[in-house]
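Below: the structure, in structure tokens.
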Amino acid sequence: MADRNLFSAALDTDMSAHAPLASRMRPADLDSIVGQRHLLGEQGALRLDVSSGSPGSMILFGPPGTGKTTVARAVATRLDAVFEELSAVSSGVADVRKVLERALHRREESGVRTILFIDEIHRFSKAQQDSVLHAVEDGLVLLIGATTENPYFEVIPALVSRCELHRFLPLEHDDLRVLIDRALDPPGLLQGKTLHVSDDVREMLAEAGSGDARRCLNLLERAAAHAAGEGLDTLEASTVERAAQRKVVVYDKDGDAHYDFVSAFIKSMRGSDPDAALYYLAVMIAGGEDPMFIARRIIIFASEDVGNAEPHGLQVAVAAAQAVMMVGFPEARINLAQAVTYLCCAPKSNASYVAIKEAIAEVESAGAHAPPASLRDTSYRGARSFGHGEGYVYPHAEGGYTAQRHLPDGVGEREYYRPTAEGAEAEMGEFLRRMRSSRRRG
């Protein structure tokens with residue numbers, strides 16, 4: 001088992017030498033799996049369920065290449081259960097029934113449990129999902145479904161309610177680096193060839209994986225094959241790029257590149273240059289940046305740099321962030337691109353940003369002045385005896401507007417918010433000019 005835990009060349013004898021590297025490196029034990037520490041760590045929900053010896057059916061959902069199938073197989077090994085696998089792409093109700101018949105026979109004859117693993121379960125029709133529901137309820141099989149989609153949207157509610165849901169996250173850069181190191185040290189997995197790979201190229205391969213172990217290891221295998229075909233015993237960056245059939249974006253999410261590209265992205269949107277903004281967005285996506293980080297920056301931009309010049313900008317930005325959570329990559333890149341192009345072409349105003357900055361600076365330097373007595377709370381008994389609410393003018397009783405002063409006496413006549421002449425803010429500016437003039441006269 002130690003060799004399997006190290007992902008070394010001592011793999012199952014029935015594993016084809018022609019199987020992809022990612023398959024040949026698949027571990028058989030939960031302890032060997034890289035990543036998903038929130039599920040597989042010492043106190044991880046999935047590990048605790050399996051360690052109990054009697055876990056319930058479960059649905060594993062998340063991006064491709066994050067270990068869903070590997071975990072399902074490892075659970076079967078840990079439970080000493082028979083692993084039956086179906087693909088929703090090629091299997092029908094008849095295939096499900098055959099598996100259930102074998103599971104029933106197995107349970108009656110030997111008491112051995114059956115794990116039914118359904119890959120891409122979101123592609124099963126309602127009838128197909130219904131066909132397995134009774135077996136899950138009865139405990140005939142322990143169902144493990146895998147999907148890249150949100151199960152609440154793609155799996156029937158009856159099945160979702162009977163399963164534990166475990167969300168898989170993209171693998172961290174360090175996790176992919178561990179896999180690369182295991183594939184190369186000691187050598188043997190790459191067709192028995194010794195291949196020298198520098199730390200820089202290993203980092204490059206991990207970046208190119210973008211959180212997907214399968215993609216990362218497939219690229220390593222293709223690059224190694226290219227190097228072998230050229231008679232090389234050292235894997236160079238140029239060989240990796242030829243194998244990838246594209247320029248590999250080295251984007252350090254924790255280093256200078258992260259901040260430089262994000263800065264350029266924001267400044268391009270601020271400068272109303274959608275072409276440049278889309279370019280930097282593409283760099284961040286190709287480099288494996290967290291899509292929710294990008295979405296959050298877009299939301300901030302919508303208020304900081306567009307503001308009330310186009311109030312719908314914030315709605316578009318928030319909707320894009322919701323779409324990222326619901327859809328996931330790669331499709332969510334389209335939602336981000338829509339929000340970016342909309343905000344690039346929207347009128348710009350940083351008036352709200354400047355206003356709150358100035359107001360906070362005033363409070364921090366001079367302290368917080370008490371509001372006028374007319375505006376203070378009158379909800380508790382005795383408040384009126386302190387003069388609270390005295391002289392308050394109810395705007396709705398005055399036709400919707402009032403010239404009453406609302407700032408504290410010690411603050412003076414402040415105008416933190418100064419609308420620009422852009423978009424919808426131009427009308428707001430005219431309204432505020434009239435209101436402020438009326439208050440000064442009052």
Filter result (in a loop (DSSP other than H, G, I, E, B) and touching a residue at least 24 places away in the same chain (Cβ under 8 Å)) within region 417-434: Tyr417, Arg418, Pro419, Thr420, Glu422
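Return the residue satisfying two criteria in turn: it lies in region 359-394 and is surrounded by 11 or more Cβ atoms within 10 Å (Cβ to Cβ) and among the small types (Gly, Ala, Ser), and of such residues it is nearest to Gly307 (Cα to Cα). Before the answer, list the steps.
Filtering region 359-394 down to residues surrounded by 11 or more Cβ atoms within 10 Å (Cβ to Cβ) leaves 359-363, 368-369, 371-376, 378, 383-384, 386-390, 392-393.
Subsequent filtering for residues that are among the small types (Gly, Ala, Ser) retains 359, 361, 368, 373-374, 383, 387, 389.
Numbers: Ala359: 17, Ala361: 20, Ala368: 26, Ala373: 32, Ser374: 31, Ala383: 38, Gly387: 38, Gly389: 33 Å.
Taking the candidates together, the pick is Ala359.
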Between residues in region 381-403 that are touching a residue at least 40 places away in the same chain (Cβ under 8 Å) and residues that are among the charged types (D, E, K, R) and outside any loop (DSSP other than H, G, I, E, B), which pairs lie under 7 Å by C-beta distance while being six or more apart or on different chains? none
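Taking the stated definitions as given, is Glu137 outside any loop (DSSP other than H, G, I, E, B), free of Cβ contacts under 8 Å to residues at least 24 places away in the same chain and not assigned by TED's automatic domain parsing to the domain that holds Met325?
It is false that Glu137 is outside any loop (DSSP other than H, G, I, E, B), free of Cβ contacts under 8 Å to residues at least 24 places away in the same chain and not assigned by TED's automatic domain parsing to the domain that holds Met325.
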Looking at Ser161, Ser125, which is the one that is of a type in the set (Gly, Ala, Ser) and under 18 Å from Ser54 (Cα atoms)? Ser161
Could you please give the count of residues in region 92-101 that are closer than 15 Å to Leu143 by Cβ and out of contact with any helix residue (DSSP H, G or I) (no Cβ under 8 Å at 6 or more places or on another chain)? 2
Strands (runs of 3 or more DSSP E) (entirely within region 11-126) containing at least 1 residues that are surrounded by fewer than 17 Cβ atoms within 10 Å (Cβ to Cβ) and on the phi < 0 side of the Ramachandran plot: 82-87
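Quick check on my filter: what residues within region 107-123 are without any contact (Cβ under 8 Å) to a residue 40 or more places away in the chain and touching a strand residue (DSSP E or B) at 6+ places or on another chain (Cβ under 7 Å)?
Val112, Arg113, Thr114, Leu116, Ile118, Glu120, His122
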Neighbours by Cβ (under 8 Å, 6+ apart or cross-chain): first from region 57-82, free of Cβ contacts under 8 Å to residues at least 40 places away in the same chain; second basic (Lys, Arg) and surrounded by fewer than 21 Cβ atoms within 10 Å (Cβ to Cβ): Asp80/Arg113; Val82/Arg106; Val82/Arg113
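I'm trying to understand the selection: among the residues of region 382-433, which are of a type in the set (A, V, I, L, M, F, W, C) and more than 30 Å from Val354 (Cα to Cα)? Working first, answer last.
We begin by selecting, within region 382-433, every residue of a type in the set (A, V, I, L, M, F, W, C); these are 383, 386, 393, 397, 403, 407, 411, 421, 424, 426, 428, 431-432.
The answer is Ala383, Phe386, Ala397.
Give the residue that is modelled with the lowest pLDDT, with candidates limited to residues of region 284-301 that are among the β-branched types (Val, Ile, Thr) and crowded, with 17+ Cβ neighbours inside 10 Å.
Filtering region 284-301 for residues among the β-branched types (Val, Ile, Thr) gives 285, 294, 298-300.
Within this subset, residues satisfying the condition of being crowded, with 17+ Cβ neighbours inside 10 Å are 285, 294, 298-299.
Numbers: Ile285: 85, Ile294: 92, Ile298: 96, Ile299: 96.
So, considering only residues that are among the β-branched types (Val, Ile, Thr) and crowded, with 17+ Cβ neighbours inside 10 Å, the one modelled with the lowest pLDDT is Ile285.
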What tally of residues in region 318-358 results from selecting those that are surrounded by 14 or more Cβ atoms within 10 Å (Cβ to Cβ) and assigned to a loop (DSSP other than H, G, I, E, B)? 7
Filtered residue count, region 34-44, keeping only those that are touching a residue at least 40 places away in the same chain (Cβ under 8 Å) and touching a helix residue (DSSP H, G or I) at 6+ places or on another chain (Cβ under 6 Å): 3
It is to be established whether one or more residues within region 400-416 are surrounded by 13 or more Cβ atoms within 10 Å (Cβ to Cβ), in contact with a Gly (Cβ under 9 Å, 6 or more places away or on another chain) and assigned to a helix (DSSP H, G or I). no
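If you scan region 156-172, which residues turn out to be under 16 Å from Ser210 (Cβ atoms), surrounded by fewer than 19 Cβ atoms within 10 Å (Cβ to Cβ) and not aliphatic (A, V, I, L, M)?
Going residue by residue through region 156-172, those that are under 16 Å from Ser210 (Cβ atoms) are 168-172.
Checking the rest, the ones that are also surrounded by fewer than 19 Cβ atoms within 10 Å (Cβ to Cβ) come to 169, 172.
Hit for region 156-172 is Glu172, nothing else.
For the structure I just gave you, tell me whether Val132 is part of a helix (DSSP H, G or I), farther than 17 Å from Val155 by Cβ and β-branched (Val, Ile, Thr).
Working: part of a helix (DSSP H, G or I): yes; farther than 17 Å from Val155 by Cβ: no; β-branched (Val, Ile, Thr): yes.
No; evaluated as a whole, the condition is false for this residue.
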The residue from Leu189, Leu159, Leu140, Leu100 that alone is touching a Ser or Thr at 6+ places or on another chain (Cβ under 9 Å), modelled with pLDDT under 90 and aliphatic (A, V, I, L, M) is Leu189
Checked against (1) in a helix (DSSP H, G or I); (2) of a type in the set (A, V, I, L, M); (3) within 27 Å of Gly41 (Cα to Cα), Leu169 satisfies every condition except (1)
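The values are calculated or read from the model by the stated rules, or taken from the named source; none is laboratory data. Only a predicted model underlies this, so the values are computations on that prediction, with no experimental measurement involved. Neighbour counts are summed over all protein chains in view; Cβ atoms, including those assigned to glycine, are modelled from backbone coordinates with ideal geometry.
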